[in-house]
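Down below is the structure, laid out as structure tokens.
The values are calculated or read from the model by the stated rules, or taken from the named source; none is laboratory data. These numbers come from a predicted model, not from an experiment. Here the Cβ is made from the backbone with ideal geometry for all residues, glycine too, and neighbour counts use every protein chain on show.
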Amino acid sequence: MWCGCGLREFVRLSSIVVLPAAVLTILLSKHMVRVVYGEGYALAPLYLSLATLGALGVGVGGYALGSLFAGLGMTREALRSWLVSTAVSLPLTLALVPALGVLGAMMAGLVGGYASIAYLLARAERAVGVSIGVPRVARVYAASLVSAFPTLAATAVMAHDALALAVGAAVYVVAYAVALPLLKAIDGKDVEVLTEVLRQVGPAAKPLVALLAVERRVVNLLSR
């Protein structure tokens, strides 16, 4: 029972942090690449977006299930999940690379990675009796995606990439901070737990801690 509850909370809380970062990277990939490298890398935003799509698996246990089985001493599951990934990605790679090149290889790897997660999810439920708590995590996905709409609207009217990057990030953070409590994807206790965890990371996490302080105020305001 503790194992299941601990897994669900880890998946949900890590999703609150990782999902918006991944979605925002995908949304602003074009502006990021242009600010850093200029306009000479037309396909780089697409590659960056595809690479980031793998991070969206955090909400379905992508970062947790391997550690779960390792902690339970079920190390064979890691090998089996790798075999599933290889069985899916290898034929896809052979089929897609001749036509799409690097893009095809990335797509095949992405599909194989999610196939591996699907296998581990099924094994966690059948062999261990553990689930990730889909309804609560789904609210985090919803908050991350809903926040994309005002961000896209804001960046669409920006003529300069650096300005679009700054404004887009600001709009997304504000929209996400409001969407989370409105969709009941976060509460005051979650904010306290995340704040305490990030404080242990050190100075690098100070910006996130500051954002969580603002989120605490938003949660308190909307809970009245």
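Rundown of residues vs (1) surrounded by fewer than 18 Cβ atoms within 10 Å (Cβ to Cβ); (2) more than 23 Å from VAL23 (Cβ to Cβ), yes/no style:
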| site | (1), (2) |
| --- | --- |
| GLY54 | yes, no |
| GLY62 | no, no |
| GLU77 | no, yes |
| ILE132 | no, no |
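For the stretch 201-224: of the residues being in contact with a helix residue (DSSP H, G or I) (Cβ under 6 Å, 6 or more places away or on another chain) and touching a residue at least 12 places away in the same chain (Cβ under 8 Å), which is surrounded by the fewest Cβ atoms within 10 Å (Cβ to Cβ)?
Filtering first and then ranking leaves LEU222.
Any residue in the stretch 25-43 that is crowded, with 17+ Cβ neighbours inside 10 Å and assigned to a loop (DSSP other than H, G, I, E, B)?
yes
Restricting the stretch 108-137 to residues that are in contact (Cβ under 8 Å) with a residue 60 or more places away in the chain and among the small types (Gly, Ala, Ser), which is farthest from ARG34 (Cα to Cα)?
Residue satisfying both the conditions and the ranking: GLY129.
Working carefully through the options GLY73, GLY101, find the one that is under 30 Å from HIS31 (Cα atoms), surrounded by fewer than 18 Cβ atoms within 10 Å (Cβ to Cβ), outside the structural domain of ALA44 (by TED's automatic domain parsing) and among the small types (Gly, Ala, Ser).
That would be GLY101, the only listed residue that is under 30 Å from HIS31 (Cα atoms), surrounded by fewer than 18 Cβ atoms within 10 Å (Cβ to Cβ), outside the structural domain of ALA44 (by TED's automatic domain parsing) and among the small types (Gly, Ala, Ser).
Quick one: is VAL35 among the hydrophobic types (A, V, I, L, M, F, W, C) and either assigned by TED's automatic domain parsing to the domain that holds ALA142 or more than 20 Å from the chain's Cα centre (by Cα) (or both)?
Spelling it out, VAL35 is indeed among the hydrophobic types (A, V, I, L, M, F, W, C) and either assigned by TED's automatic domain parsing to the domain that holds ALA142 or more than 20 Å from the chain's Cα centre (by Cα) (or both).
Restricting attention to the stretch 165-200, report how many residues are buried (at least 18 other Cβ atoms within 10 Å of the Cβ) and in a loop (DSSP other than H, G, I, E, B).
Summing the residues that are buried (at least 18 other Cβ atoms within 10 Å of the Cβ) and in a loop (DSSP other than H, G, I, E, B) in the stretch 165-200 gives 2.
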